[in-house]
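Contents: one structure, followed by commentary.
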Amino acid sequence: MADDIRALSTQLAQDPQSLVFLRLADALRRKGQLDAALRVALNGLERHPHLADAHDLYARVLTDKHDYARAFDEWDMALRIAPNHTGALKGLAFLYFKVGDLAQAEAHLDLARRVEPDDPTITQAIEMVRGGASPPSPEPAPASEPAATAASPTAAVSAPALDESRVFAGLEGAQEGLLLLDAAGRVLGGALRHATGGADVTDAVAAYLAGVSQEAARTTKLLGLGAWTGLSAEGRAGNVHLAQPSPEALLLVVRERGVPLGRLAILAQRATAMARRWLERQG
Amino acid sequence: MTGGFGHVLDLITRVRGVRGAMLVAGDDGVVVAEQLMEGIKGAAVAALAASLAGRLHRAMEAAGVGASVFWHLQADRGTLLVVPAVASGILVVAVAEPDVNIGLVRLELLRAAETAG
């Protein structure tokens with residue numbers, strides 16, 4: 001296994017765009033090196049944001065780390081990209097079971113069985129759900145992770161400081177619907193595409209939003225409402241949410257109209273936390 | 001000051017948790033009508049709300065999500081909710097408690113905007 005990991009690390013170092021990161025992250029995950037697996041998966045996801053397998057893999061690692069909320073989002077994303085992705089269907093079934101929603105768990109397994117009728121593990125999982133037992137988690141990691149070192153075989157792929165350059169790495173819509181700005185409207189991270197045309201509108205939107213943070217702060221102060229915590233807006237063709245990761249920064253999340261404002265606010269919270277960490281690292 | 005818009009503002013202020021409501025001219029931020037609790041500086045809030053609405057409108061148009069139908073600014077101790085009336089350019093504004101029923105206020109603001117528009 002260690003040799004496999006070393007070989008896969010070498011391959012990935014030689015060709016960072018290759019999909020070998022999927023095998024490497026999974027090998028690390030199976031070995032219990034969850035933090036290293038997470039870094040590799042995130043790095044791969046950054047390069048291949050529209051690859052359902054990458055979201056599935058990332059979700060598996062998150063599940064092993066008991067981060068079920070983010071795992072849910074990743075499997076949900078995998079299904080949006082590839083509606084018949086059985087890994088994601090099984091993963092969501094597992095999570096639904098964990099929260100006691102047996103009907104949804106079984107429904108997702110049923111969908112998986114329609115896609116892969118000959119897979120005995122799906123039939124077995126359905127029987128387990130019907131019997132009230134948890135379906136197998138997506139291949140849990142066997143052991144806790146040993147401390148990573150600089151000499152770790154994963155070091156070669158764990159990145160030229162991924163998070164240093166990519167604020168929203170791994171977050172849904174990182175390259176098309178998330179934007180981090182400074183108070184003057186300068187882009188710090190993320191990108192934005194026109195909701196219908198697809199053109200890059202990052203700079204234009206950033207310019208229009210310069211000063212919004214201060215204006216929102218003045219408004220809430222004048223009303224005696226304290227500090228502003230978020231601004232949600234419903235448009236005719238999409239919804240947006242603004243938040244303030246730091247007093248000098250503004251975060252914008254844009255999604256299609258089908259994503260309700262409440263869900264958008266949750267997504268914005270996650271993005272805000274990532275942005276805050278990134279800003280802190282920048283000093 | 002409510003002018004002939006008292007009934008429009010009544011739709012909004014009758015919702016539990018709403019502290020006040022205003023109609024604001026979207027282009028220059030002047031108060032058209034207001035029903036606010038004492039102590040709220042209506043004119044200043046109107047000007048800032050109109051300015052914020054303008055910036056938001058331009059940013060949303062640029063992003064391709066279209067003009068805003070409804071927006072709300074959340075703060076530690078309350079919230080500001082706004083619906084632009086498309087035909088007249090008037091902004092229907094409500095100031096509310098943090099735990100107000102946002103969905104209900106939104107509906108009343110939309111209804112008020114139709115009347116005001």
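Just give me the residues in the range A:33-52 being touching a residue at least 40 places away in the same chain (Cβ under 8 Å), closer than 15 Å to A:GLU176 by Cα and touching a Leu at 6+ places or on another chain (Cβ under 8 Å), in sequence order.
Once the filter is applied, which keeps residues that are touching a residue at least 40 places away in the same chain (Cβ under 8 Å), closer than 15 Å to A:GLU176 by Cα and touching a Leu at 6+ places or on another chain (Cβ under 8 Å), the range A:33-52 yields A:LEU45, A:GLU46.
Could you pull out the residue among B:LEU80, B:LEU91, B:LEU48 that is in contact with a Ser or Thr (Cβ under 9 Å, 6 or more places away or on another chain) and either basic (Lys, Arg) or outside any helix (DSSP H, G or I) (or both)?
Just a single option satisfies the conditions, and that option is B:LEU80.
For the list (1) at the interface with another protein chain (Cβ under 9 Å from one of its Cβ atoms); (2) not in a loop (DSSP other than H, G, I, E, B), I need the number of the one condition that A:GLY197 fails.
With (1) at the interface with another protein chain (Cβ under 9 Å from one of its Cβ atoms); (2) not in a loop (DSSP other than H, G, I, E, B) applied to A:GLY197, the lone miss is (2).
Any residue at all in the range B:56-66 that's under 27 Å from A:THR202 (Cα atoms) and more than 7 Å from chain A (Cβ to nearest Cβ)?
Within the range B:56-66, one or more residues are under 27 Å from A:THR202 (Cα atoms) and more than 7 Å from chain A (Cβ to nearest Cβ).
Have a look at A:ALA93, A:ALA78 and point out the one that is farther than 20 Å from A:LEU24 by Cα and either modelled with pLDDT under 85 or buried (at least 24 other Cβ atoms within 10 Å of the Cβ) (or both).
Answer to the check: A:ALA93.
For the range A:216-246, which positions are assigned to a helix (DSSP H, G or I) and out of contact with any Lys or Arg (no Cβ under 8 Å at 6 or more places or on another chain)? Outline the logic, then answer.
Step one: filter the range A:216-246 for residues assigned to a helix (DSSP H, G or I), giving A:216-222.
Once the filter is applied, which keeps residues that are assigned to a helix (DSSP H, G or I) and out of contact with any Lys or Arg (no Cβ under 8 Å at 6 or more places or on another chain), the range A:216-246 yields A:ALA216, A:ALA217, A:ARG218, A:THR219, A:THR220, A:LYS221.
Taking only the range B:25-41 into account, find how many residues are away from chain A (no Cβ under 14 Å) and outside any strand (DSSP E or B).
4
Examine the range A:205-215 for a residue that is polar (S, T, N, Q), within 7 Å of chain B (Cβ to nearest Cβ), crowded, with 21+ Cβ neighbours inside 10 Å and at negative phi, and state whether such a residue exists.
Taking the range A:205-215 and keeping what is polar (S, T, N, Q), we get A:213-214.
Still in the running and within 7 Å of chain B (Cβ to nearest Cβ): none.
No, the conditions are met nowhere in the range A:205-215.
The values are calculated or read from the model by the stated rules, or taken from the named source; none is laboratory data. Note that this is a predicted model, so its numbers are computed, not measured. Every residue, glycine among them, receives a Cβ derived from its backbone with ideal geometry; neighbour counts consider all protein chains shown.
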